[in-house]
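Q: After the structure tokens below, expect a handful of questions from me.
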């Protein structure tokens, strides 16, 4: 008998032995299991721990397109959900699956909710996390944007650039961190000035291992060291000696796509689209009036 059918048959009995279980899967691949049963449960390759104190409000679900939502509340602890990990954003957008399970027969279970973590707040040694259903994605606008800059993300399917190839990335070592979060790096001297500007910095070890941020400023000095500013500071401590990975940046311009990445065929912008002031420009003001390409 299938899991859901076996659970339905068990619920039809006069006495039931059911509990709720939740799995949280972070974007870095780590999986956490919680249950409101008084003993640990183990199924699906995850240990659902009973000592976490996690509980969840009733899930609101509908047959229409309304967003399913709920809330999970649990205790902070060193071996499950830590305050440092929440502050660092490691649980942001984590996948959540909730089951109703027969704890005397773990094969009899049914998924009650599937979604992701939303806003997380913490206080008094506990955390409260918003649960967002799969229909949350229907609230996001989609479609093509007609603009002069490229709309693709460097390395995605629309762009086509292989960011794992030579010249697209490098590893460096942090040699200094200023009070304002400016980083000094060693070991990344073989790239031009501003090569990583608007690119990505990913931390490879230390307290901020796995976190990433977008690079705002990239300066190369004569001694081979690089100075990096980030658009937003990392939400965990970065120390001298930590290793980071730098990925080349793209400013979305037509000229950059052609000269830096040789990827003009995949350019996703419209460089010749008229600007807002086009109606004020007289034809005699154009640089080229041959009728040919403007590029």
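Q: Based only on other Cβ atoms within 10 Å, what is the fewest-to-most ordering of 259, 151, 290?
A: Working: 259 10, 151 15, 290 7.
So the ranking, lowest neighbour count to highest, is 290, 259, 151.
Q: Turning to a different aspect of this structure: Among 104, 14, 77, determine the one that fluctuates most according to a GNM of the chain built with springs between C-alpha atoms less than 10 Å apart.
A: 14
Q: Picking from 107, 189, 178, which is most flexible by a Gaussian network model of the chain using Cα springs under 10 Å?
A: Checking each option, the largest mean-square fluctuation is seen for 178.
Q: Taking the Cα centroid of the stretch 117-164 and of the stretch 234-256, what is the distance between the two, rounded to the nearest whole Å?
A: 19
Q: Testing the spin-label approximation: label points 7 Å from Cα along Cα→Cβ at residue 179 and residue 4. State their distance in nm.
A: 6.0
Q: Follow-up question, since we're still on this one. Given labels modelled 7 Å from the Cα in the Cβ direction, how far is it in nm from residue 77 to residue 255?
A: For the pair residue 77/residue 255, the computed spacing is 5.9 nm.
Q: Sticking with this one: Counting other beta carbons within 10 Å of each Cβ, put 135, 121 in order, fewest first.
A: Details: 135 16, 121 11.
Listed from fewest to most nearby Cβ atoms, that is 121, 135.
Q: Right, here's the next one. Need one word for the stretch 119-237: rounded, prolate or oblate. Basis is the Cα gyration tensor (sqrt eigenvalues a ≥ b ≥ c); a/c below 1.5 gives rounded, then a/b vs b/c decides. Numbers along the way, then the final one.
A: Values: a/c = 2.41, a/b = 1.23, b/c = 1.96.
Judged from the Cα gyration tensor, the stretch 119-237 comes out oblate (a/c at least 1.5, b/c at or above a/b).
Q: Sort 150, 159 so that the residue with the fewest other Cβ atoms within 10 Å of its own Cβ comes first and the one with the most comes last. Display every interim value, and only then the final one.
A: Details: 150 23, 159 20.
Arranged by neighbour count, lowest to highest, 150, 159 become 159, 150.
Q: Per DSSP H run of n ≥ 4, the term is -39500 (n - 2.57); total these for the chain, divide by its residue number, and report the mean residue ellipticity at 222 nm rounded to 500 deg cm²/dmol. Intermediate values should be presented prior to the final figure.
A: Numbers: 3 runs with 20 residues, N = 295.
Value at 222 nm, helices only: -1500 deg cm²/dmol.
Q: A further question on this structure: Subtract the Cα-Cα distance of residue 209 and residue 51 from 0.36 nm times their separation in residues, and report this length gain in nm to one decimal.
A: Gain in length upon complete extension: 54.2 nm.
Q: Also, I was wondering about something else. Using 0.36 nm times the number of residues separating residue 270 and residue 126, minus their current alpha carbon distance, what extension gain do you get? Spell out each step's value before the answer.
A: Numbers: separation 144, 0.36 × 144 = 51.84 nm, distance 4.96 nm.
Value of the extension gain: 46.9 nm.
Q: For the pair residue 25/residue 151, report the inter-label distance in nm, with labels modelled 7 Å from Cα in the Cβ direction.
A: Simple spin-label model gives 3.0 nm for this pair.
No lab work stands behind these numbers, since they all come straight from the coordinates. In this text the structure is predicted, and so the values were computed from the model without any measurement. Neighbour counts run over all protein chains shown; Cβ positions are idealised from the backbone, glycine included.
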